[in-house]
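Report on the structure given below.
The values are calculated or read from the model by the stated rules, or taken from the named source; none is laboratory data. Nothing here was measured: the structure is a model prediction, and the numbers come from that model. FYI the Cβ positions are ideal-geometry reconstructions off the backbone, even for glycines, and counts take in every protein chain you see. These area figures cover heavy atoms from the full protein model, side chains too; ligands, DNA and RNA do not enter into them. Shrake-Rupley method; radii C 1.70, N 1.55, O 1.52, S 1.80 Å.
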Amino acid sequence: MRSDSPQKHDGFKWSTLAPLSNPLRKAAAEKKPPGKAAGGPKLNLKFPKVWGPKAPQVRRNSTSTTDKRTEPQDIPDLTAQPPPAPPPPALTFEQHLSALHLSEAGRLLLAREERLFVGGPDDKAPPLEVPSGDVDALAADRQTLEEAVLQTLRGSLDQMDADALKSAVTFMQQEDECDDGWEQYGGMAPPWRLRGWRQLHDETLRSLVEERMDAPPTPSTEQSSIQADVHGMGRRLRRDLLLVAERVKPCYPSHLAICQLYATWYHHCISIRLRRLADFGLDDRDCTFLLRWVNDYYPQLLQEPQLAADIDAKVLQELLPENLLSPLEEQYLSHQQRELTTYVGRILDQAQEAWTKGEEPPKEDGCFVSPTAYDVIQMVNGIVNAAAKVVGDPHKAQNLTRQLQDLLHRFRTFQAQVIKRNKANSAAFVKANLGCVAQFRHFLSTQSRLFPEDVREGCLSVLSDMKQSAHDYLLNPVHRNLKLCYRKLFSQEWLKKSTLVLLLSGLEDEMPQLQGSSESCHRELIGQLHQEVSVEYARRLLKGELRLKDKQQQQQAADNVDDDACALHDFFARHGSEEAWLQKALSMMAEILKLQDLPAIQCQVASLGSDFPDFSEKHVMSLLKLKCSLTKEDRMNIQAVLAEIPKDCGRSRPFFSFVLVK
C-alpha cells in the first residue's frame, strides 16, 4: 500500500514499496467510521492483498466425453505435449519462518489479519465474531516472527545471512505501510501489532554497535591500557564499516544510506568513550596518542576508498569538544616545546665543548663541516610536521618554531665568543658555521610554511648577522695585509703604469687562508672580498690625491681604471666570485674621467646614477675634482643632473654607499 504521509522518525527512513494490493476499501479511504452489523461491530478496513495472482486451474489430461474421435490405443501420440507439472505446494508460515523468509511469513500473517478483521478475498465480510483462539494464535505467530526479525538484525554484522537480512528489511517496510493504513483509518490497529519498526530498527542496530564497541581489545605489552582501548575501537570500527559497505549495504534501498547511519552510530559511540578518556587525565604519551588518533588516523579511516563514497564525514560531530581538546593540545605542545629545547641545547653544548677543548670540526672533501644545523633542522622539521598532524592544525604547530629563533640567538652568541677569543681553532669553527648558516637559510626559504612570518624574518635577520660577522672575521686580516698594496694605487707611479699587479699578487697569497668552507659558502666569501676590494679601490680613487691636469692624463687614468676593473673581475672570477656587476661600476667611473665634452659627461653621470642609485652628489664631486680641466661651475652643472634622475634602489645592489668620501 502506497503512503504519502510524511515519515515521523528522523533516524531510519524506509522507501515506499510497490502496492501489495488494492487500496483500502472505499469506506476506509473516505475515513468513514466502521459500520455496525447485526450482532456486533465490524471494521470496514481493507488490508493490502497479499494473495497474489490466482494459480491457473490445472486441467486434467483426460479425453472429453463429447469427443467422438477414436485413437488407436496401441500407437502412442508422439506429437502430444506432456501435461504441465503441478505447482509446488505453498509453504506454510512455519516453513517460511524456519527458512527465514521473513517478508513472506509476514504476508501470510497480514492475510490472516485481513480475513479476521477486514474481510476475505472477493470482498467477503469478516465473521461477526472472531474466535479468541484465532486471535491468540495470530498474536503468538506475530510475536515469533517479530523476534526472528530482531534476531536477524542483531546478527547482521556477525555471520550474516544476506537473504535473511534483505527479507527482514522488506518485512519492516510492509509493516510500516500497513501501520500507515491503520493510522489513516483512525489508528484502530489490533493491540498486538508492534508499531514503529523504523525506530525499533535504529535502536536495535545502535545497541548492536555499542555491544561490539564494548568488546575488550586484544592486550598488547607495548601499549598502555588507553592505547589498547583506542586501538581496539579503531580496529572494530574499520572492520565493521567495511563489512557494512560490502555486505549490509546491498540489503537496503540505496537512498536509505545505511553506511552513513552505521558511521553515525559508531562515531557517537567512539565520541562518548574518548570523552571519558580525555576527562580522565592522560600522561604525555597517551595524550599524544589520543590526539594523533582523533586528528589523523580517524579522518584517514573514513576517507578510505571503500568507505568515502558512502560516508560523509563532514556531517559528523566533533569527536572531542573544544573544552576537552584544547587542554590536550596545550599539554602536547608544551611537551614538544620542552623536548625541542632540551635537544637543541644539547647540540649547541656539544659544539661549544669541542671548541673549548681546542678540537677542530670534522672535514668532508677538504671543507670544515658541522652537524649542528643538520641535527637541529631534522629535529625542528620532524617535530613541527608531526605536531601539525597530531593537533590537526598547521598554524598551531608553527608556534613550536619560535624555539628556533631562540636557538639562533644562542648560536650567534656562541660564534661571537669564538671570534672574540680567536683561538687557534676559531677560524675552522667559523668556516664550519658558515655552512650551518647556509643550511638554516635554505630551510627557512624552502619550508616557509612551517614558520610564522615574524619568526622566519627574525631568524633570517640573525643568520645575516652571523654571516656578516663571519666574513668580517675571515676577511679583515686580508685587508690588513694588503694595506701597502692599496697605498700604491693612484700614485704618479700608477698613472704611468698600473700597480694593480702588486695588489693581485698580495690577494693570491691570501687565498689559501680563505679555503675550508663549503663550495657555496666559499663563493659567497670570495664574492664579498671582491666587493670590498672594489669598494676600497673606488674609495682611494675618489680620495682626491690624484690630479689629472690635461686630457692626456685623464685618458691614461681612464684606461688604467678600466684595465684594473677587468683584471679584478678576471682574478676573482677565477677564484669563484660571481659578482660580475662590480666591473661595471668601475668602468663607468673610468668613462667619466675620459670624456671631455660637458654634455657627454652629464649623460654618463646620469647613466651611472641610474644604474647605481646610491651614487650620490658627493661621489660626483669627488670624481670630477680629479679632472682639473673642469671649472667649479661645470662641476655644479654636472652634479645637478643627479637630482633629475628617479631613484629606484630596489633594482640594483648597493656599492657607492660603502664608498665613504668626505
Query raised in the report: From the set of residues in region 125-147 that are under 26 Å from Cys251 (Cβ atoms) and open to solvent by less than 10 Å² (accessible area, probe 1.4 Å), which is modelled with the lowest pLDDT?
Result: Arg142
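Could you tell me whether region 174-193 includes any residue that is open to solvent by 30 Å² or more (accessible area, probe 1.4 Å), of a type in the set (Phe, Trp, Tyr) and modelled with pLDDT under 90?
The answer is yes; a qualifying residue exists.
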Query raised in the report: What are the residues in region 338-370 that are outside any helix (DSSP H, G or I) and either free of Cβ contacts under 8 Å to residues at least 24 places away in the same chain or surrounded by fewer than 15 Cβ atoms within 10 Å (Cβ to Cβ) (or both), if any?
Result: Lys357, Gly358, Glu359, Pro362, Lys363, Glu364, Asp365, Gly366
Report summary line: Note: among Ser610, Ser577, Ser587, just one is within 30 Å of Asp509 (Cα to Cα), among the hydroxyl-bearing types (Ser, Thr, Tyr) and in a helix (DSSP H, G or I), namely Ser587
Query - Where a residue in region 417-433 is over 13 Å from Lys467 (Cβ atoms) and its partner, wherever it lies, is open to solvent by 40 Å² or more (accessible area, probe 1.4 Å) and among the small types (Gly, Ala, Ser), with Cβ under 8 Å and at least six apart - result: Lys423/Gly358; Ala424/Gly358; Asn425/Gly358
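Collect the residues in region 468-501 that are of a type in the set (Phe, Trp, Tyr) and either within 60 Å of the chain's Cα centre (by Cα) or outside any helix (DSSP H, G or I) (or both), keeping them in residue-number order.
Matches in region 468-501: Tyr473, Tyr486, Phe490.
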Query raised in the report: Is at least one residue of region 454-467 open to solvent by less than 50 Å² (accessible area, probe 1.4 Å), over 25 Å from the mean Cα position of the chain (by Cα) and among the hydroxyl-bearing types (Ser, Thr, Tyr)?
Result: no
Requested in this report: Can you give me the number of residues within region 317-337 that are in contact with a His (Cβ under 8 Å, 6 or more places away or on another chain) and either touching a residue at least 60 places away in the same chain (Cβ under 8 Å) or crowded, with 17+ Cβ neighbours inside 10 Å (or both)?
Outcome: 1
Query raised in the report: What residue, among those in region 565-582 that are over 20 Å from Leu489 (Cβ atoms) and free of Cβ contacts under 8 Å to residues at least 40 places away in the same chain, is most open to solvent (accessible area, probe 1.4 Å)?
Result: Arg574
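Just name the residue that is most open to solvent (accessible area, probe 1.4 Å) out of those in region 264-286 that are among the hydrophobic types (A, V, I, L, M, F, W, C) and out of contact with any Lys or Arg (no Cβ under 6 Å at 6 or more places or on another chain).
Phe280
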Query raised in the report: Which of (1) free of Cβ contacts under 8 Å to residues at least 60 places away in the same chain; (2) surrounded by 11 or more Cβ atoms within 10 Å (Cβ to Cβ) does Gln306 not meet, given it meets every other one?
Result: (1)
Query - Single match in Ser587, Ser657 (criterion: within 19 Å of Val533 (Cα to Cα), modelled with pLDDT under 95 and in contact with an Asp or Glu (Cβ under 7 Å, 6 or more places away or on another chain)) - result: Ser657
**Report entry** The lone exception for Gln596 - which of (1) touching a Phe, Trp or Tyr at 6+ places or on another chain (Cβ under 8 Å); (2) surrounded by fewer than 17 Cβ atoms within 10 Å (Cβ to Cβ) it fails
**Finding:** (1)
Report task. Name every residue in region 426-453 that is β-branched (Val, Ile, Thr) and open to solvent by less than 20 Å² (accessible area, probe 1.4 Å), in order of residue number. Result -> Val430, Val437
Query raised in the report: If you go through region 401-414 one residue at a time, do you hit one that is open to solvent by 40 Å² or more (accessible area, probe 1.4 Å), of a type in the set (Lys, Arg), in a helix (DSSP H, G or I) and over 23 Å from Ser448 (Cβ atoms)?
Result: no
Report summary line: Expected single match for without any contact (Cβ under 8 Å) to a residue 40 or more places away in the chain and under 17 Å from Gln583 (Cα atoms) among Leu542, Leu503, Leu529 is Leu503
**Report entry** Which numbered condition Ile638 fails, given (1) open to solvent by 90 Å² or more (accessible area, probe 1.4 Å); (2) more than 52 Å from the chain's Cα centre (by Cα)
**Finding:** (1)
Query raised in the report: Among the listed residues Glu322, Glu304, Glu329, which satisfies the condition of being modelled with pLDDT of 90 or more and under 21 Å from Leu241 (Cβ atoms)?
Result: Glu304
Query raised in the report: Which members of region 502-545 meet the condition of being buried (at least 21 other Cβ atoms within 10 Å of the Cβ), assigned to a helix (DSSP H, G or I) and in contact with a strand residue (DSSP E or B) (Cβ under 9 Å, 6 or more places away or on another chain)?
Result: Cys521
Query raised in the report: Which of (1) at pLDDT below 55; (2) assigned to a loop (DSSP other than H, G, I, E, B); (3) not small (Gly, Ala, Ser) is the odd one out, the single condition Asp122 does not satisfy?
Result: (2)
